[in-house]
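Could you have a look at this structure, given as structure tokens, before my questions?
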Amino acid sequence: METTLLFKTMVILSGQIGIVFGMAYFLIKRAKYAYENNTKLFGYSFRGAMNMNKELDLVPFIESPSNYPVDMTKTIKKNYVEHVDTKKAHDKEQALELLRNGYTYEKKDNLFAIMIFWCITLFGTLYLASSELSLSAGLSLFTIQSVAFGILLGFIMLIMDENDGIKALKIVMLVTLLTGYIGYSDFYSFSQNIGLQYFLLFSLLGLIILSFIRTAVSFSRKATRWQAIFGAVIFSIYLLVDFNLIKKKEGIIGMNNWQTAFDMAFTLYLDMINLLLEILDAMGNS
């Protein structure tokens, strides 16, 4: 008996999302172990704090260096434009003085290399998902980038508050199930609504432009939070449209195959990841 396109898509998507969320949760557990045993994880040490709900919040930080001179940096905002000022501390006294003035030790860790590696594998997966090349190669690269992103996601959650991060994961899963049920039910052709597609396109372009502006101009926490909430709504609608598109493709001859399922799973994966990042951004600015 032939399985549906939705089944094939969910097999691939569930595996990749499971890797990402599982890796992030595993990294949080390892961070807790490092905190309890006074060890490091990816060059970071951890101190314990208490959040508003009286839950343990692990705070990653770079320990003071033992060798001098060291570079120290500070983000300075002038006329709503931010730039990084770097100064060199030649001994411990100078370092303490710079710390009192708002400077921090220049972070030298492995996360930047992991981020670059993730970007490369992400775009590689995007290329393979949109082509007719080897399905096994695409799935392998998909899995590798999921592992890399899981590590980055774990640290993103630790930096903001891993307790809120876990709540955000639950929200994403709930929204995905809800939009999947509504979209796949096909009581309305979301994927064939041209007006909705233009709205999503221009909204996405607006979010991208605002993200670039935020790298140079500091927004208020309230404005940033509302932008993140709007982004979460947009990617929720993208999930709705893409689940509906799976239903439409099932009625097209030759579309019910693993290559199409890989393409749709990667599309839904990007929707879920972007939705998660927007929710985390909204929580971080609440």
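Restricting attention to segment 264-278, report how many residues are of a type outside the set (S, T, Y) and more than 10 Å from the chain's Cα centre (by Cα).
5
Going residue by residue through segment 21-35, is there one that turns out to be more than 23 Å from the chain's Cα centre (by Cα), among the hydroxyl-bearing types (S, T, Y) and closer than 30 Å to W258 by Cα?
Checked against the condition, which is being more than 23 Å from the chain's Cα centre (by Cα), among the hydroxyl-bearing types (S, T, Y) and closer than 30 Å to W258 by Cα, segment 21-35 yields no hits at all.
Out of (1) among the hydrophobic types (A, V, I, L, M, F, W, C); (2) in contact with a Lys or Arg (Cβ under 9 Å, 6 or more places away or on another chain); (3) modelled with pLDDT under 80, what's the single condition that is false for A95?
Failing condition for A95: (2).
Further question: Would a scan of segment 9-30 turn up a residue that is over 17 Å from F266 (Cβ atoms) and basic (K, R)?
For segment 9-30, residues over 17 Å from F266 (Cβ atoms) and basic (K, R): present.
Separate question: Scan segment 1-32 residue by residue and report those that are loosely packed, with under 13 Cβ neighbours inside 10 Å and under 17 Å from I166 (Cβ atoms).
Across segment 1-32, the qualifying residues are G18, K29.
For segment 204-216, does any single residue satisfy the condition of being farther than 30 Å from V84 by Cα and of a type outside the set (G, A, S)?
For segment 204-216, residues farther than 30 Å from V84 by Cα and of a type outside the set (G, A, S): absent.
Let me ask another. Search segment 204-232 for residues being touching a residue at least 24 places away in the same chain (Cβ under 8 Å) and among the basic types (K, R), and hand back the single one that is surrounded by the most Cβ atoms within 10 Å (Cβ to Cβ).
R225
Please work out which residue is nearest to I76 (Cα to Cα), limiting yourself to segment 188-238 and to residues that are of a type in the set (A, V, I, L, M) and touching a Leu at 6+ places or on another chain (Cβ under 7 Å).
For segment 188-238, the residue satisfying everything is A232.
Cβ-Cβ distance below 8 Å, separation of 6 or more or different chains: which pairs start in segment 159-176 with a residue that is outside any helix (DSSP H, G or I) and end on one that is surrounded by fewer than 20 Cβ atoms within 10 Å (Cβ to Cβ) and of a type outside the set (K, R)?
Cβ pairs passing all conditions: D161/N51; D161/D57; D161/M283.
Given (1) under 24 Å from L169 (Cα atoms); (2) outside the structural domain of A148 (by TED's automatic domain parsing); (3) in contact with a strand residue (DSSP E or B) (Cβ under 9 Å, 6 or more places away or on another chain); (4) free of Cβ contacts under 8 Å to residues at least 40 places away in the same chain, where does D57 come up short, assuming only one miss?
Answer for D57: the failing condition is (4).
Okay, next question. Somewhere in segment 241-255, is a residue farther than 20 Å from G180 by Cβ and surrounded by fewer than 15 Cβ atoms within 10 Å (Cβ to Cβ)?
Within segment 241-255 (the criterion being farther than 20 Å from G180 by Cβ and surrounded by fewer than 15 Cβ atoms within 10 Å (Cβ to Cβ)), the answer is yes, since at least one residue qualifies.
The values are calculated or read from the model by the stated rules, or taken from the named source; none is laboratory data. Keep in mind that this is a model prediction, so the values were computed, not measured. Every residue, glycine as well, gets a Cβ built from its backbone with ideal geometry; the counts of neighbours run over all protein chains shown.
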